[in-house]
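The values are calculated or read from the model by the stated rules, or taken from the named source; none is laboratory data. This one's a predicted model, so the numbers in the text were calculated from it and none came from an experiment. Don't worry about glycine lacking a Cβ; one is built from the backbone with ideal geometry, like all the others, and counts go over all protein chains shown. Ligands, DNA and RNA are stripped out before the accessible areas are found, and what is left, the full protein with its side chains, is counted by its heavy atoms. Shrake-Rupley method; radii C 1.70, N 1.55, O 1.52, S 1.80 Å.
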Amino acid sequence: MGHKSWLGIILLFFVTLATGGIALADGETPPARDPKQPVDEAYTAKIRKYTTAPYFSSPLVDYLPASKTVPTPEVVLGDVAGAPGILPYAEDVYKYMRLLEKATPRVKVVSIGTTEEGREMIAVAVSSEANLKNLEQNRQRLAKLADPRATHLDDTEADKLVTESVPVYYITGTIHSPETGAPTALMELAYRLAVDESPYVREIRDGVITLITPVVEVDGRDRMVDLYKWHLAHPKDFYPPLIYWGKYVAHDNNRDAMGMTLKLTQNVLNTFLGWNAQVLHDLHESVPYLYDNTVGDGPYNAWVDPLLVDEWQMIGARNVADMTRFGMPGVFTHGDFDTWSPGYLMFLAAMHNGISRLYETFGNGGADTRERTLQPDEYARTWFKPNPPFPKALWSQRNNNNYEETGLLTSLHYFNENKRLFLKNFYLKGKRSIQKPSAEGPAAYVLPADDPRASVQADVLRIMLKQHVEISRATSAFQVMLPVKKEKKAGKSADTEEKPKPASPTTRDFPVGSYVIRMDQPYSRVADALLDYQYWSPEDPQTTPYDDTAWTFGELFGVQVARVTDSKVLTVPMERVTDLSPFGGVKGEGVVFAIDNHAEPALASLRYRLKDASIDAAEEPFQVGEHKFSRGTFLIRGVSRSDLDAVTKTLGLQAVALAAAPPIKTHPVRAPRIAYVHTWISTQSEGWWRLALDNLQIPYDYMSTQALAKIPDLNAKYDVILFPPVTGNAAPNAIVQGTPTAWGNPLPWMNTPETPNLVGKNDSTPDMRPGLGWDGLAKLQSFVRNGGVLLTALDTSQFAIATGMANGVTSTTSEKMKIVGSIVGTRLVDAASPIAYGYDEKVSAYCDDGPIFSVTSIIGGRRRHLGPAVTSRPTGRGTKDDPDFVIGRPASETPDEPEKELWEAPQPTNDQSFNNPRVIPPANRARVILRYADAKDLLISGLVENGNEIAQHPAVLDVPSGSGHVVLFSINPVYRGETENTYSLVLNTILNFDSLNAGRKDADQK
Ligand SMILES: [Zn+2]
């Protein structure tokens, strides 16, 4: 078929669609253009040209209405939205939105903050002239619905407000930078909403305020556009993968809705709540052709209101129905996304009484038109995908824009048709949040004033404030009743008598100044979800959790959080806290200042800030008067009382002046020179570590494995090398070799005329492909041998083991075990190690399936698995405890197996030691700092299945290597701004880098 006739058929097809091919329900407004309004013919022709098949479009977007006064996206793009070869920078998108604002009273643009690299974020409101004129009055009405305390929970008054209010539907685009289609789709959507006079669009404009943030990850967008331009300039070459998105994190920028560490999360939440929006609809591109994953699959988050679940079903089902009626293939809901974790950007709405929504449309990772071949599971017809995508199709960015815009327009229209219901639900969800104490409970969460980790407690409270949660402070001491725990019934077959347990306390006292997070507030839901515990059943029908299964903040931050069900707590005298006033400082007079060690990360900040002070660590606990100080206490000299007072106040640390230094063993705590190493494979996991160090103001030199390999003498420049996880499971040879260089072209990550934004404040290289290399590995090994400290975690620990830097440690991964982003129990094994300073015996930690470490005393040896098979005597004569004997010879004594715990290295037997140079001398053996808890105590929050495989195994190890150390982590100590409890395991390693052998029992043995 010739090109011309094909076009003719398409045009005919479009005309058919537009003139009523669709069956309508009674009274329904047809989704069709207004025949009286002229069409922008040139623009419309291009829309059709760039759409690869007629069924990849709809009567809502297959034309563009013309306007004499309002410019189309073409004025900025030079072509239509979704045109091949065109990706606008955020700046260009903003320029267009501001042109719209100038040209029509139906558009208003506001600045909503900046990114980590200082780029602007905006929100664009599109609605009728009258709605935008009355924005402030409308906002006040919506605010009363958002906080029903304003109307004393009076439903009649709420109904009146519901009738008078215009709802706000908030759409956010391109948080994931390689998912590139949303900005142009949203430019064109804004134009349509402002200009189109069809009854369908007019109803949306008059009935709803559509709020649009066209680019959420602005830093990443500009980098992505750079790369695409590079690709256009070098069409035959591979182009570099987008290794940095924002300054810190890549794909995980959509997992920040709990920790609120990134500006983009804070800016979007402030906008969502500032406008009192009802919906937050986030646009992604990874699934053909449109997956409304809002409805998703189970398990659903246990803290959302069932009303929200109904809303998901309503909107999702209707969305699919509308687009299916247009004849658009591959539109579906449900699917394999579970709705458990509240970490996603859109879930900010679910946790703040709104409606969270998310689209995955199909993107080409740029604006090329390409033939796309799908995997069988993508084109399979299933119960939730009766009209699946094609196995193969030519796909364009215009197709993507058609799907995004059609989905959004039908959603907006349906939302408008049912806005009274959604506004009433919005009010009811707020009301039910306020009624939580008397409905399901709890009444409050209390963070006691006497928590020894005050600075970390303050960090948790700061996150609550970022989440717009109200915090109060008790102005007197108080007592609450504790819930009665149900006694577990003893099994009938139990023949041993249970010891009577001591009666559990029935009340709990809290001191004056304790923080109270009341549950009778509109955003109680988010506080409840973050502070409560999670349980994911190993029998759950969902066998592949989509993300973390646990996030309990009290455990991850290591602060005390009491869930109080006694509603008397709400009558305690208290005052609102809007700002966490400074605390800490210096108490008393003396010559030396002591700061007790409770593993607060702020201690490391202090060390770096007091560069010229002398600080020592107490190697033993000690007592001065009534005051007990723990092991690791800082003893500070060489700083004035007033200087120390000022610094400790900003850091929230309490210093005590002592008349004399305590008579105990100490060693210096130093501020070492840190090399911080990343790969060019991925910066996702290390980004969270970088963010944590920057927040703590701990300086480091940031470098790639390539750069490290070029430093002639690492020991001359650095004391500590931090090598955070790469992906969590990068292979050792990938770290050494990088990406193959035997074929292909160099992949530069550098600023060039085509890529002015690429580097930002991060790193650069002329070719991303080479890894550490064998030279680099040798340098790393000699750095450790000559006394340096190398700190690794997860895959970089496996790399250290595989390359012979951690003798006597083996690592395995499990097939059966499932610990999916869970919080597990660990136990202190060696409290005298400086790495353990400040920690109690039980430490909660974040774990994601291992790796499983074992220690041995013989190189190449494997820790024997003490499974049930070897614990009992073999079949033979006598009772279970009798020795067996062999007929016709003297009885022999069975040698005792060397008894060792699972986390310990077994002593070699005489036979194993005989003439064996592979036996590791005791002083060179791995020192286990933390181990995983016993299987029955492993699960603290989330999912633990077959945890016996990792139970009792080492979780944190200090391995002497030459005169240096390699420190290995099986838990991830620094993760998503949520794991402050374990930060100090890393920071202690840094500060005590030249005294890690302190307290080591076998250090002098040979
Ligand atoms: Zn995405």
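Charges on Cβ only, +1 for Lys and Arg, -1 for Asp and Glu, centred on the Cα centroid of region 652-754; of T741, A659, P672, which one is farthest towards the dipole's positive end?
Projecting each Cα onto the dipole axis, the largest value belongs to A659.
Where nothing but the Cβ of Lys and Arg (+1) and of Asp and Glu (-1) is charged, how large is the charge dipole of the chain around its Cα centre, in debye to the nearest 20? Don't skip to the end; give the middle numbers.
Working: 102 positive and 120 negative charges, 112 e Å.
Approximately 540 debye in magnitude.
Tabulate in residue order the Karplus-calculated ³J(HN,Hα) for region 566-580, using 6.51 cos²θ - 1.76 cosθ + 1.60 with θ = phi - 60°, rounded to whole Hz; enter x for Gly and Pro.
Values per residue, Gly and Pro as x: 5, 6, 4, 4, 6, 9, 5, x, 8, 10, 5, 10, 10, 8, 7 Hz.
Give the average over all directions of the projected area of the C-alpha convex hull of the chain, one decimal, in nm². Walk me through the numbers on the way to the answer.
On the way: hull surface 198.3 nm².
Mean orientational projected area (the chain, Cα hull): 49.6 nm².
Tell me, what % of the accessible area of the chain is carbon and sulfur with a 1.4 angstrom probe?
On the way: 21450 of 40950 Å².
Summing carbon and sulfur atoms, their accessible area is 52 percent of the total for the chain.
For region 308-446, calculate the relative contact order in percent as a whole number, restricting contacts to Cα pairs under 8 Å that are 6 or more residues apart.
Values: 115 pairs, mean separation 36.3, N = 139.
Across region 308-446, relative contact order equals 26 percent.
By its C-alpha gyration tensor, with a ≥ b ≥ c as the square roots of the eigenvalues, how is region 219-312 shaped: rounded for a/c under 1.5, else prolate for a/b larger than b/c, else oblate?
prolate
What is the distance in Å between the Cα centres of region 696-774 and region 202-276?
25 Å
From the backbone phi of region 84-89, what are the Karplus-calculated ³J(HN,Hα) couplings (6.51 cos²θ - 1.76 cosθ + 1.60, θ = phi - 60°) in whole Hz, Gly and Pro given as x?
x, x, 10, 10, x, 5
Check which residues have an amide H placed less than 5 Å from G738's amide H, if you skip close sequence neighbours.
G771, L772
Do me a favour and compute the ellipsoid semi-axes for region 308-390 from its Cα gyration tensor, root of five times each eigenvalue, largest one first, whole Å. Intermediate results must be reported in sequence, preceding the final value.
On the way: eigenvalues 128, 57, 32 Å².
That gives 25, 17, 13 Å for the three semi-axes.
Taking the Cα centre of region 162-293 as the origin and placing charges on Cβ (Lys, Arg +1; Asp, Glu -1), which of M224, L290, L264 is farthest toward the positive end of the dipole?
Of the options given, the answer is M224.
Net charge around G638, counting only other residues with Cβ within less than 14 Å of its Cβ (Lys, Arg = +1; Asp, Glu = -1)?
Working: positive: R607, R609, K611, R637, R641, R670; negative: D612, D616, D643.
Here the charged neighbours net out to +3.
Please compute one quarter of the surface area of the Cα convex hull for region 88-136 and express it in square nanometres.
Details: hull surface 15.0 nm².
Mean projected area for region 88-136: 3.8 nm², to one decimal.
Tell me, what ³J(HN,Hα) does each residue in region 303-319 have, in order and in whole Hz, if you take phi through Karplus 6.51 cos²θ - 1.76 cosθ + 1.60 with θ = phi - 60° and put x for Gly and Pro?
Along region 303-319, the couplings run 9, 7, 6, x, 4, 5, 4, 4, 5, 4, 4, 4, 5, x, 4, 5, 4 Hz.
Calculate I(q)/I(0) for region 256-358 by the Debye formula, one identical point scatterer on each C-alpha and no solvent, and give its log10 at q = 0.16, 0.19, 0.21 Å⁻¹ to two decimals.
These q points yield log10 I(q)/I(0) values of -0.70, -0.96, -1.12.
For each pair in K108/K429; K665/K1001; K102/K263; K160/K419; K36/K68, compute the distance between the two Cα atoms and list the pairs where it is over 22 Å.
On the way: K108/K429 29 Å; K665/K1001 15 Å; K102/K263 28 Å; K160/K419 14 Å; K36/K68 15 Å.
Beyond 22 Å: K108/K429; K102/K263.
Taking only the C-alpha atoms, wrap a convex hull around region 501-575 and report its volume per residue in Å³ as a whole number. Could you put the intermediate results ahead of the total?
Working: hull volume 12.9 nm³, N = 75.
Convex hull volume per residue, Cα atoms: 172 Å³.
For region 892-973, what is the accessible area per residue in Å², given a 1.4 Å probe and the full set of protein chains? Mind dumping the intermediate values first?
Numbers: 3780 Å² over 82 residues.
Accessible surface, normalised per residue, equals 46 Å².
Hey, which aspartates and glutamates would be in cross-link range of K133, C-alpha to C-alpha under 14 Å, not counting anything within fewer than 8 residues on its own chain?
E101, D206
Taking H placed 1.01 Å from N in the peptide plane, check which residues at least 5 places from N301 or on another chain put their amide H under 5 Å from its amide H.
The list, which skips near neighbours in sequence, is T339, W340.
Using +1 at the Cβ of each Lys and Arg and -1 at the Cβ of each Asp and Glu in the chain, identify which of T333, V446, T765 lies farthest towards the dipole's positive end.
My answer, from the dipole projection, is T765.
Counting only residues 5 or more places away or on other chains, whose amide H sits under 5 Å from the amide H of I171 once H atoms are built in the peptide plane?
Here the answer is L211, I212, T213, H281, since their amide H atoms fall under 5 Å of that of I171.
Mind putting a number on the dipole of region 335-418 about its Cα centre? Charges go on the C-beta only, +1 for Lys and Arg and -1 for Asp and Glu, and I need it in Debye to the nearest 20.
Details: 7 positive and 10 negative charges, 35 e Å.
So the magnitude is around 180 debye.
If contacts are Cα pairs under 8 angstrom and at least 6 residues apart, what is the relative contact order of the chain in percent? Kindly include the intermediate steps, with their values, before the conclusion.
Details: 2166 pairs, mean separation 106.0, N = 1006.
Worked out over the chain, it gives 11 percent.
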